[in-house]
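Each remark here refers to the structure printed beneath this line.
The values are calculated or read from the model by the stated rules, or taken from the named source; none is laboratory data. Bear in mind the structure is a predicted one, so any value in this text is a computation, not a measurement. Don't worry about glycine lacking a Cβ; one is built from the backbone with ideal geometry, like all the others, and counts go over all protein chains shown. When the accessible area is computed, the model is the full protein with side chains, heavy atoms only, and any ligands, DNA or RNA have been set aside. Shrake-Rupley method; radii C 1.70, N 1.55, O 1.52, S 1.80 Å.
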Amino acid sequence: MTHVIVVGAGQAGAALSARLRQQGFEGQITLIGEEPVAPYQRPPLSKKYLTGELPIDRLYLRPASFYADQNITLMTGCRVERIDRAARRVITPRGPLAYDALVLATGGRARRLPQALGGGLDGVYTVRTLADVDAMAPEFVAGRHLFIVGGGYIGLEAAAVARQRGLTVTVLDASSRILNRVASAQTADYIRAQHLAHGVEIIEGETLDHLTGVSRVDGALLSNGRQIPADFAIVGIGLAPATELAEAAGLDVADGITVDALCRTSDPAIYAVGDCASFPHGAGHLRLESVPNAIAMAEAAADAILGHGTPYRPNPWFWSDQYDMSLQIAGLSTGYDRVVSRDSDRGKSFWYFAGARLLAVDAVNDPRAYMLGKRWLEAGLSPNPAHVADASRELKSLGTS
Ligand SMILES: Cc1cc2nc3c(=O)[nH]c(=O)nc-3n(C[C@H](O)[C@H](O)[C@H](O)COP(=O)(O)OP(=O)(O)OC[C@H]3O[C@@H](n4cnc5c(N)ncnc54)[C@H](O)[C@@H]3O)c2cc1C
């Protein structure tokens with residue numbers, strides 16, 4: 001193995017390149033990214049970078065000197081156009097590059113509103129890249145009205161920032177409630193209450209007819225006929241995994257680029273990691289959109305490339321910050337049949353069970369509940385749900401089975 005090419009200079013691509021060097025790989029590493037900047041962290045884009053608390057230099061994952069020091073060739077502002085699998089080359093605007101192993105770490109793109117619904121109007125933004133957030137930042141002026149389409153984590157984080165900065169905010173979610181795809185009704189109720197207390201208007205179970213305006217957005221018309229004026233809009237309706245290179249190259253793609261337990265695509269010389277990749281999980285496949293998954297999967301793939309891989313089995317976790325709420329999530333709640341909530345001094349936690357088996361925990365301002373829940377999940381242990389609900393019992397004294 002002499003040359004590893006990584007397409008996508010984001011969280012996963014950067015982690016994979018660093019891991020190869022940490023593990024003693026002495027061959028050539030080329031990290032190619034479409035964005036014009038070195039790899040950076042995305043989570044602050046809808047949090048402290050948007051509030052202005054985190055300066056841009058703190059966004060970068062590594063100091064500028066890191067790539068040269070590690071002998072990693074970083075090519076920014078370079079979009080890989082095609083994979084020539086037969087010749088083991090990628091085609092870029094700067095010419096073809098030959099690989100021994102290729103890694104697709106292409107992440108995904110924010111889903112946009114169709115043009116017919118006003119998605120192409122000026123003043124309508126998505127939140128995926130640094131460029132997206134730099135473009136919308138001047139719109140965050142106190143007294144203006146922000147209309148947000150989508151009550152997922154990114155939409156709600158943007159709502160919290162906007163309220164903190166004195167804007168009027170309306171959030172529209174077409175499903176019956178916010179966070180419908182990712183959290184229980186109990187967690188959503190708690191988070192909704194915080195937003196309402198901060199003066200956000202949340203509209204659930206209503207659809208958007210279209211965003212109004214001639215060249216620039218000036219409001220939203222809902223399907224029930226209600227008109228809402230707005231100075232600008234954010235669309236937070238999810239991510240489309242970037243699979244186009246893989247598809248065009250004839251690799252297996254379903255929801256994301258399909259990989260095996262060693263992160264290999266249907267071509268064993270090509271790996272896929274992070275938000276774009278769908279890995280074996282239980283009886284099926286799973287695609288996760290989170291920093292911990294991007295890093296852990298990248299490291300698993302690097303080890304596999306170097307010939308000492310082990311099957312990738314993540315312990316999922318995630319976080320979201322809104323106002324003074326720090327939400328930490330461990331596990332995957334899919335398939336739960338009951339949620340037990342538990343109050344603590346400073347926060348609250350929500351425990352997801354399938355029968356007696358613990359699946360996940362959402363902890364708001366309760367790092368102890370998060371840590372214990374995470375530890376139990378990783379060990380395959382479950383506390384008694386009735387005991388969890390009883391706040392008079394110390395969590396750490398609870399027995400598990
Ligand atoms: C606003 C926001 C807030 C978030 N908050 C959290 C959070 O609180 N906690 C959490 O765990 N996760 C959070 N996430 C998710 C997390 O950032 C992603 O899961 C993570 O960045 C995925 O890393 P990745 O490397 O797979 O993809 P990305 O970081 O998206 O990197 C992929 C890169 O590949 C590039 N690329 C794509 N195609 C090509 C091509 N053909 N040629 C060259 N380059 C290409 C893209 O331009 C991009 O730079 C958040 C994401 C966003 C956008």
Between A379 and T212, the two model label points (7 Å from Cα along the beta-carbon direction) sit apart by a distance in nm of 5.9
Residues meeting the amide H criterion for G309 (H placed from the backbone, H to H distance under 5 Å, 5 or more places apart or on another chain) are A304
Checked against the positive end of the charge dipole of the chain (+1 on Cβ of Lys and Arg, -1 on Cβ of Asp and Glu, about the Cα centre), the farthest of S344, L395, P241 is L395
Per the C-alpha gyration tensor (a ≥ b ≥ c, the square roots of its eigenvalues), the chain is rounded if a/c is under 1.5, else prolate if a/b beats b/c, else oblate; here it's oblate
Share of accessible surface on carbon and sulfur in region 1-153, whole %, 1.4 Å probe and ligands ignored, is 49
Expressed in nanometres to one decimal, the distance between label points 7 Å along Cα→Cβ at T73 and Y60 is 2.1
Placing one equal point scatterer on each C-alpha of region 196-342 and summing with Debye, one gets log10 I(q)/I(0) at q = 0.11, 0.14, 0.16 Å⁻¹ equal to -0.66, -0.89, -0.98
Put H145, H285 in order of accessible area, largest first, probe 1.4 Å, and you get H285, H145
Along region 271-284, Karplus-curve 3J(HN,Hα) (6.51, -1.76, 1.60; θ = phi - 60°) to the nearest Hz, with x for Gly and Pro, reads 10, 9, 9, x, 4, 8, 10, 10, 10, x, 8, x, 8, x
What helix-only [θ] at 222 nm does the chain give? Using -39500 (n - 2.57) per DSSP H run of at least 4, over all residues, to the nearest 500, the answer is -6500 deg cm²/dmol
Here the gain from full extension of E139 to E394, 0.36 nm per residue of separation minus their alpha-carbon distance, amounts to 87.1 nm
Site R82, offset 7 angstrom along Cα→Cβ, radius 13 Å on amide nitrogen, limited to region 243-276, gives 245, 248-250
Note to self: with every protein chain in place and a 1.4 Å probe, the chain gives an accessible area per residue in Å² of 43
Classified through the alpha carbon gyration tensor (a ≥ b ≥ c as square roots of its eigenvalues; rounded if a/c is under 1.5, else prolate when a/b is larger than b/c, else oblate), region 6-147 comes out oblate
Karplus ³J(HN,Hα) for region 323-330 (6.51 cos²θ - 1.76 cosθ + 1.60, θ = phi - 60°; Hz, whole; x = Gly/Pro) runs 6, 9, 8, 10, 9, 10, 10, 10
Taking a straight Cα-to-Cα line shorter than 20 Å from K396, and setting aside same-chain lysines fewer than 8 residues away, one finds K348, K374
In region 313-401 the accessible area split gives carbon plus sulfur, as whole percent at 1.4 Å, a share of 48
To the nearest 0.05, the calculated FRET efficiency linking S266 and S175 through their beta-carbon distance, R0 being 22 Å, is 0.05
The ³J(HN,Hα) series, computed from each phi in region 77-92 with the Karplus coefficients 6.51, -1.76 and 1.60 at θ = phi - 60°, rounded to the nearest Hz and given as x for glycine or proline, is x, 10, 8, 5, 8, 6, 10, 9, 5, 4, 9, 6, 9, 10, 9, 10
In nanometres, the difference between 0.36 nm per residue of separation and the alpha-carbon distance of A98 and R368 is 92.3 nm
If every Lys and Arg gets +1 and every Asp and Glu gets -1 at its Cβ, then about the Cα centre region 128-263 yields a dipole, in debye to the nearest 20, of 580
Given unit charges at Cβ for Lys, Arg (+) and Asp, Glu (-), the dipole magnitude of region 47-184 about its Cα centre in debye, nearest 20, is 320
In debye to the nearest 20, the charge dipole size for region 274-391, taken about the Cα centre with +1 at each Lys and Arg Cβ and -1 at each Asp and Glu Cβ, equals 320
Amide H proximity to I202 below 5 Å, modelled H, separation 5+ or other chain, gives V171
Amide H proximity to S278 below 5 Å, modelled H, separation 5+ or other chain, gives I257, T258, V259
Placing +1 on each Lys and Arg Cβ and -1 on each Asp and Glu Cβ in region 166-267, then taking the dipole about the Cα centre, the residue among V182, L251, Q227 whose Cα reaches farthest towards the positive end is Q227
Extend 7 Å from the Cα of R357 along its Cα-to-C-beta direction; within region 270-285, residues with backbone N under 11 Å of that point are 282-283
